[in-house]
Amino acid sequence: MRFFIVIILALALVGCTSNQVIQSLENILAASEAAFPIVAAAANLPPATTAAISAYLQAASTATANAATELGSGDPSAVKAAKIAAMFATVVRPVLPAGTPQEVAAVVTVVANAVANFLANFDPTAKLPKLTFNPSMLQKIRTRALGDSNRALVLKP
């Protein structure tokens, strides 16, 4: 389980330019969405907490994809900035109940910090290439993560 957290944290250290900031956020979200079900199952989270975190990750992912599209648009910079701010205005970090395992809280914190970093550092005047979501790559990440998780569960005493 800590392996997934380390990968997510490593991805959080990437990026400073507009391209790198949005790509870093997309990578962190993809890794978090792949790792979270495994971390949640291992931590035996209550269903309500699992649902809240899953909804948060999905909302952040959707806002990020929409922001990447908007950054590549021909809209004026002020319009881009306003649209992107509105996209992320609905992404609300869940309040975790007392006793939430540190690994789970770390996933939420890394995503929240990556979103904050993106909002603080994106350049609406930069022209970004059209970024596309690749579902097959995400599926490969999930398959690999589940395989690693199953092997880890077998190794537990």
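Among the residues of region 127-153 satisfying the criterion of being open to solvent by 30 Å² or more (accessible area, probe 1.4 Å) and not in a helix (DSSP H, G or I), which is modelled with the highest pLDDT?
Here is the first cut: in region 127-153, the residues open to solvent by 30 Å² or more (accessible area, probe 1.4 Å) are 127, 129-137, 139-144, 146, 148, 150-153.
Checking which are not in a helix (DSSP H, G or I) leaves us with 127, 129-134.
Numbers: LYS127: 57, PRO129: 51, LYS130: 54, LEU131: 51, THR132: 59, PHE133: 57, ASN134: 65.
Step by step, filter region 127-153, then rank; the result is ASN134.
If I ask for residues that are over 30 Å from ALA43 (Cβ atoms), open to solvent by 50 Å² or more (accessible area, probe 1.4 Å) and either touching a Ser or Thr at 6+ places or on another chain (Cβ under 9 Å) or aromatic (Phe, Trp, Tyr) (or both), which ones from region 79-98 would you list?
VAL79, LYS83
In region 29-42, is there at least one residue being of a type in the set (S, T, N, Q), assigned to a helix (DSSP H, G or I) and surrounded by 20 or more Cβ atoms within 10 Å (Cβ to Cβ)? Step through it out loud before you land on a result.
Start the filter on region 29-42 by keeping residues that are of a type in the set (S, T, N, Q), which leaves 32.
Still in the list and also assigned to a helix (DSSP H, G or I): 32.
Then drop every residue that is not surrounded by 20 or more Cβ atoms within 10 Å (Cβ to Cβ), which leaves 32.
For region 29-42, residues of a type in the set (S, T, N, Q), assigned to a helix (DSSP H, G or I) and surrounded by 20 or more Cβ atoms within 10 Å (Cβ to Cβ): present.
If you take the residues of region 63-78 that are open to solvent by less than 40 Å² (accessible area, probe 1.4 Å) and assigned to a helix (DSSP H, G or I), which of them is modelled with the lowest pLDDT?
LEU71
With the structure loaded, tell me whether PRO124 is in a loop (DSSP other than H, G, I, E, B) and under 14 Å from the mean Cα position of the chain (by Cα) or whether it fails that test. Give the steps one after another, and end with the answer.
On the way: in a loop (DSSP other than H, G, I, E, B): yes; under 14 Å from the mean Cα position of the chain (by Cα): no.
Here the answer is no, as PRO124 does not meet what is asked.
The values are calculated or read from the model by the stated rules, or taken from the named source; none is laboratory data. Because the structure is predicted, anything quoted here is derived from the model rather than measured. Every residue, glycine as well, gets a Cβ built from its backbone with ideal geometry; the counts of neighbours run over all protein chains shown. Surface areas here come from the heavy atoms of the whole protein model, side chains and all, with no ligands, DNA or RNA. Shrake-Rupley method; radii C 1.70, N 1.55, O 1.52, S 1.80 Å.
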